[in-house]
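The values are calculated or read from the model by the stated rules, or taken from the named source; none is laboratory data. Quantities reported herein were computed from a predicted structural model and do not represent experimental measurements. Cβ sites come from the backbone with ideal geometry, for glycine too, and all protein chains shown count toward neighbours.
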Amino acid sequence: MQLLIYTPKVTPRIKYTFNFIFREILHCDFEFTSVAADFSTSHLPKISYTDIPLRDELFFTCSSFLTKHNIEPITIKETLFGDQKVPFPVENGALPFDIFAASFYFLSRYEEYLPFEADEHQRYPATQSLQYKLDVLKIPVIDSWALLLKNILLKKFPTLTFRKRKFEFIPTIDVDRAYHFRSSGILKNTVRFFKAALKLNTEKIANLISTGLGQDDPFDTYEYLADIHAQYNLRAIFFFLLAKQGHEEFDQNIDPEDEVFKNLISNVSQIAQIGLHPSYASTTETKKISEELVRLQEIAQKRIDTSRQHFLKLSFPQTYLQLIKAGINHDYSMGYASQIGFRAGTCTSFFWYDLQLEKQTHLKIHPFAVMDVTLQQYLKLNPLEAISKIEELILSVKLVDGTFCSLWHNESLSETGKWKGWKTVYDEMLKNSLN
């Protein structure tokens with residue numbers, strides 16, 4: 001049965017937020033009306049979203065946030081709802097906060113359009129986010145609120161129908177450096193050899209020698225990934241960095257014209273989905289996105305419309321406008337480097353809302369919950385601690401029947417250097433996600 005929603009004016013923000021919560025998360029059909037008389041005489045299950053109720057209907061108080069159409073600093077108050085801090089407090093409604101305004105604030109990344117103090121890579125810091133301050137970053141809070149809303153509606157309207165969704169796991173792999181020593185050339189590897197010798201790094205010396213003798217490169221973890229993904233019946237997504245002449249410090253990939261590298265991309269594309277990993281330099285030299293995308297498509301011999309930003313460099317709205325212009329339809333950059341959790345407050349894919357134009361775009365955003373580098377480098381966790389944190393994240397997503405997306409790198413499965421012991425973390429993550 002369909003739900004009828006009364007609101008005096010269906011603004012673009014209201015339409016976008018209600019579509020996401022009811023259709024994408026709850027799978028509940030609904031329609032809007034702005035005619036009070038039609039709403040009052042309707043026999044459908046119905047709710048109102050306005051400043052005062054019309055009669056005795058199920059009423060959700062509307063704050064002014066979703067009726068606006070500008071970007072400006074706003075003072076966000078908070079209140080307690082159970083043991084959780086929530087934003088946009090309201091009075092007299094079915095909930096003590098405006099669940100729709102709060103959801104839109106997180107989804108649209110409104111706060112990232114405002115002035116902020118960037119980190120060393122000009123990224124928005126997780127610690128400045130409202131979710132971090134409210135201590136809800138590590139849970140898909142919008143999905144949790146949506147289920148709360150569902151329970152309130154079912155209590156009032158037992159005949160209202162919701163289609164149940166299923167938990168899903170999507171493993172994604174960023175290939176920043178396809179190989180450690182292979183395809184680096186004699187000169188570069190000779191320099192590495194002498195540097196390792198000076199530091200008495202016997203492990204690196206041994207890897208250099210074995211690779212030179214034709215044995216597997218330490219970063220060549222692709223067969224392992226193919227096997228374990230097949231074991232769990234998972235289709236992964238690999239994002240390849242194809243910087244030609246970029247930022248040498250951060251774009252340390254193999255030359256895209258290298259035949260070994262091209263063969264790798266071609267082979268991986270046969271068993272997994274592949275996407276572009278736009279270079280660090282592409283954020284300032286925007287033409288590089290299109291150039292790198294064309295290069296990847298020529299190698300893979302197929303159209304590619306999926307990407308993830310290198311170093312997760314997102315700048316609103318510029319980055320997403322550039323991706324759209326290049327022909328990208330799916331982006332997997334929505335997450336933080338320094339913290340685990342849900343940057344947009346959800347584990348559900350959503351269409352990007354352009355706040356400057358006040359409209360939904362066709363660019364679909366796929367949020368991820370955890371990255372290997374976050375656990376090891378930023379949070380300084382050991383493998384056992386990392387496994388525990390991942391278990392908590394997976395459980396939070398399973399509780400809302402959402403999608404758990406992980407971000408790993410081929411090199412972090414190499415069992416060398418700082419990544420010794422981390423292959424077990426990946427093994428356990430796959431095992432826990434499917435139990």
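Sort through ILE47, ILE74 and tell me the only one that's of a type in the set (Val, Ile, Thr) and either in contact (Cβ under 8 Å) with a residue 60 or more places away in the chain or assigned to a strand (DSSP E or B) (or both).
Working: ILE74 fails: either in contact (Cβ under 8 Å) with a residue 60 or more places away in the chain or assigned to a strand (DSSP E or B) (or both).
Testing whether each residue is of a type in the set (Val, Ile, Thr) and either in contact (Cβ under 8 Å) with a residue 60 or more places away in the chain or assigned to a strand (DSSP E or B) (or both) leaves just ILE47.
Find the residue count for the stretch 263-293, including only residues that are loosely packed, with under 15 Cβ neighbours inside 10 Å and closer than 21 Å to LEU321 by Cα.
Residues meeting the conditions: 3.
Anything in the stretch 344-370 that is under 15 Å from the mean Cα position of the chain (by Cα) and either basic (Lys, Arg) or over 24 Å from SER103 (Cα atoms) (or both)? List them, or say none.
Across the stretch 344-370, the qualifying residue is only LYS364.
In the stretch 79-100, how many residues are in contact (Cβ under 8 Å) with a residue 60 or more places away in the chain and more than 18 Å from ILE139 (Cα to Cα)?
Of the residues in the stretch 79-100, 0 are in contact (Cβ under 8 Å) with a residue 60 or more places away in the chain and more than 18 Å from ILE139 (Cα to Cα).
Kindly establish whether LEU54 is outside any helix (DSSP H, G or I) and not β-branched (Val, Ile, Thr). Quick ask: steps written out before the conclusion?
Values: outside any helix (DSSP H, G or I): yes; not β-branched (Val, Ile, Thr): yes.
Yes.
Do we have GLU291 as more than 27 Å from PHE404 (Cβ to Cβ) and either in a loop (DSSP other than H, G, I, E, B) or not assigned by TED's automatic domain parsing to the domain that holds GLY345 (or both) here? Full working, then the answer.
Numbers: more than 27 Å from PHE404 (Cβ to Cβ): yes; either in a loop (DSSP other than H, G, I, E, B) or not assigned by TED's automatic domain parsing to the domain that holds GLY345 (or both): no.
It is false that GLU291 is more than 27 Å from PHE404 (Cβ to Cβ) and either in a loop (DSSP other than H, G, I, E, B) or not assigned by TED's automatic domain parsing to the domain that holds GLY345 (or both).
Considering only the stretch 26-58, how many residues are in contact with a helix residue (DSSP H, G or I) (Cβ under 7 Å, 6 or more places away or on another chain) and over 21 Å from LEU95 (Cα atoms)?
Looking only at that region, the number is 1.
What are the residue pairs meeting all of these: first residue in the stretch 249-270, first residue more than 17 Å from HIS409 (Cα to Cα), second residue in a loop (DSSP other than H, G, I, E, B), Cβ atoms under 7 Å, and 6 or more apart or on different chains?
PRO256/LEU242; PRO256/LYS244; ASP258/SER183; VAL260/ARG182; VAL260/SER183
Of the residues VAL425, VAL397, which single one is farther than 21 Å from ILE228 by Cα and at pLDDT 95 or above? Please lay out each step first, then the result.
On the way: VAL425 fails: farther than 21 Å from ILE228 by Cα.
That would be VAL397, the only listed residue that is farther than 21 Å from ILE228 by Cα and at pLDDT 95 or above.
Scan the stretch 351-359 and give yes if some residue there is crowded, with 21+ Cβ neighbours inside 10 Å, out of contact with any Asp or Glu (no Cβ under 9 Å at 6 or more places or on another chain) and among the aromatic types (Phe, Trp, Tyr), otherwise no.
The initial filter retains those residues of the stretch 351-359 that are crowded, with 21+ Cβ neighbours inside 10 Å, namely 352-353.
If we keep only those that are out of contact with any Asp or Glu (no Cβ under 9 Å at 6 or more places or on another chain) as well, we get 353.
So of that shortlist, the ones also among the aromatic types (Phe, Trp, Tyr) come out as 353.
Yes, the conditions are met somewhere in the stretch 351-359.
Out of curiosity, is SER103 out of contact with any Pro (no Cβ under 7 Å at 6 or more places or on another chain) and under 19 Å from TRP145 (Cα atoms)? Break it down into steps so the answer makes sense when it comes.
Numbers: out of contact with any Pro (no Cβ under 7 Å at 6 or more places or on another chain): yes; under 19 Å from TRP145 (Cα atoms): yes.
Criteria met by SER103.
Provide a single number: the residues in the stretch 98-127 that are buried (at least 22 other Cβ atoms within 10 Å of the Cβ) and in contact with a Lys or Arg (Cβ under 7 Å, 6 or more places away or on another chain).
Counting residues in the stretch 98-127 that are buried (at least 22 other Cβ atoms within 10 Å of the Cβ) and in contact with a Lys or Arg (Cβ under 7 Å, 6 or more places away or on another chain) gives 1.
Going through the stretch 75-84 one residue at a time, which ones are exposed (fewer than 15 other Cβ atoms within 10 Å of the Cβ) and either of a type outside the set (D, E, K, R) or touching a helix residue (DSSP H, G or I) at 6+ places or on another chain (Cβ under 7 Å) (or both)?
Filtering the stretch 75-84 down to residues exposed (fewer than 15 other Cβ atoms within 10 Å of the Cβ) leaves 75, 77, 79-80, 82-83.
Matches in the stretch 75-84: THR75, THR79, LEU80, GLY82.
Quick check, is ILE324 within 20 Å of ASP220 (Cβ to Cβ) and assigned to a helix (DSSP H, G or I)? Explain how you work it out, then say what you get.
Values: within 20 Å of ASP220 (Cβ to Cβ): no; assigned to a helix (DSSP H, G or I): yes.
So ILE324 fails the test.
For LYS364, only one of the following conditions fails: (1) basic (Lys, Arg); (2) part of a loop (DSSP other than H, G, I, E, B); (3) in contact with a strand residue (DSSP E or B) (Cβ under 8 Å, 6 or more places away or on another chain). What is its number?
Here LYS364 clears every test but (2).
Conditions tested, residue by residue: (1) closer than 16 Å to ILE173 by Cα; (2) part of a helix (DSSP H, G or I).
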{"residue": "ASP220", "(1), (2)": "yes, no"}
{"residue": "GLU223", "(1), (2)": "yes, yes"}
{"residue": "ASP227", "(1), (2)": "yes, yes"}
{"residue": "GLU249", "(1), (2)": "no, no"}
{"residue": "GLN252", "(1), (2)": "no, no"}
{"residue": "LEU264", "(1), (2)": "yes, yes"}
{"residue": "SER269", "(1), (2)": "yes, yes"}
{"residue": "SER282", "(1), (2)": "no, yes"}
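Kindly evaluate GLU223 against the criterion of being assigned by TED's automatic domain parsing to the domain that holds ILE299, closer than 22 Å to ILE299 by Cβ, at pLDDT 95 or above and among the charged types (D, E, K, R).
Numbers: assigned by TED's automatic domain parsing to the domain that holds ILE299: yes; closer than 22 Å to ILE299 by Cβ: yes; at pLDDT 95 or above: yes; among the charged types (D, E, K, R): yes.
It is true that GLU223 is assigned by TED's automatic domain parsing to the domain that holds ILE299, closer than 22 Å to ILE299 by Cβ, at pLDDT 95 or above and among the charged types (D, E, K, R).
Can you tell me which residues in the stretch 8-39 are among the polar types (S, T, N, Q) and exposed (fewer than 14 other Cβ atoms within 10 Å of the Cβ)? Spell out how you get there, then give the answer.
Quick first cut of the stretch 8-39, residues among the polar types (S, T, N, Q) only: 11, 17, 19, 33-34.
The one that is among the polar types (S, T, N, Q) and exposed (fewer than 14 other Cβ atoms within 10 Å of the Cβ): SER34.
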